[in-house]
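Have a look at the structure below, then the notes.
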Amino acid sequence: MAIKTFTTGEVLTAADTNTFLANAGLDYVGGASVSNVTTIDVTGFTTTYNQFRVVYALTRHSGIGTSAITAQFRDATSGYTTTGYYGAGVTSNFTGTVASYAARNNAADFAVGNVYDNVATERGAFDVGGMNTMAVRPTVSGSVYDTATTAAITYGYEYAGGRTLTIDRIRLSCAVGMTGTWRLYGYRQA
């Protein structure tokens, strides 16, 4: 859809707003606060959107030590998928050291970050694409700043079995309790 250009003194009408502003940006779909949980079910995936953005801010509920946050897709019919995740990421810290991150080859999950302690908040976001397009495998791409290693992490994964799934949620898991918030947004489609 073309973007309308308004001129000085022109009146913005309801029709302009409904046509041009309603078909752009992100819609808030849902979210929650959690406390001392080892799994978080990110819900609210609908056929209204084909692309989503998951945003989280999590800390380790207690103690110190790095613990990975991983994720899995859930099929509305058959449950959580525990195989078929492919991809990897790259980390780079402030000294310029670059390393691979969480390589997956037909793995049981995909990695999205870490929690380190109950003071530093791990803030991350990832996009989920191809959710409602049967010809496309669901993909995940994202980035996070890892407070434990002072490194930026960028990653991408795909789910190989996704062409026949109806994904209705993503589960975030961690071996230790997580405390914080998650939010789900849908990308509007013109």
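Here the Kirkwood formula puts the hydrodynamic radius of region 37-187 at 15.5 Å, using every distinct Cα pair.
By other beta-carbon atoms within 10 Å, ranking Val115, Val90 with the fewest at the front produces Val90, Val115. Basic side chains Lys and Arg get +1 at the Cβ, acidic Asp and Glu get -1 at the Cβ, and with that the dipole of the chain about its Cα centre reaches some 180 debye. Among Gly30, Gly63, Gly113, the largest mean-square fluctuation in a Gaussian network model of the chain, built with springs joining Cα atoms closer than 10 Å, belongs to Gly63. Below 11 angstrom from the Cβ of Val55, what's the summed charge of the other residues (Lys, Arg +1; Asp, Glu -1)? Net charge around Val55: +2.
Count charges around Asp41 for me, please; just the other residues with Cβ under 15 Å from its Cβ, Lys/Arg as +1, Asp/Glu as -1. Combined, the nearby Lys, Arg, Asp and Glu give +1.
Values quoted throughout were computed directly from the atomic coordinates according to the rules given, and no laboratory measurement underlies them. Note that the coordinates shown come from a computational prediction; the quantities given were computed from them, not determined experimentally. Neighbour counts are summed over all protein chains in view; Cβ atoms, including those assigned to glycine, are modelled from backbone coordinates with ideal geometry.
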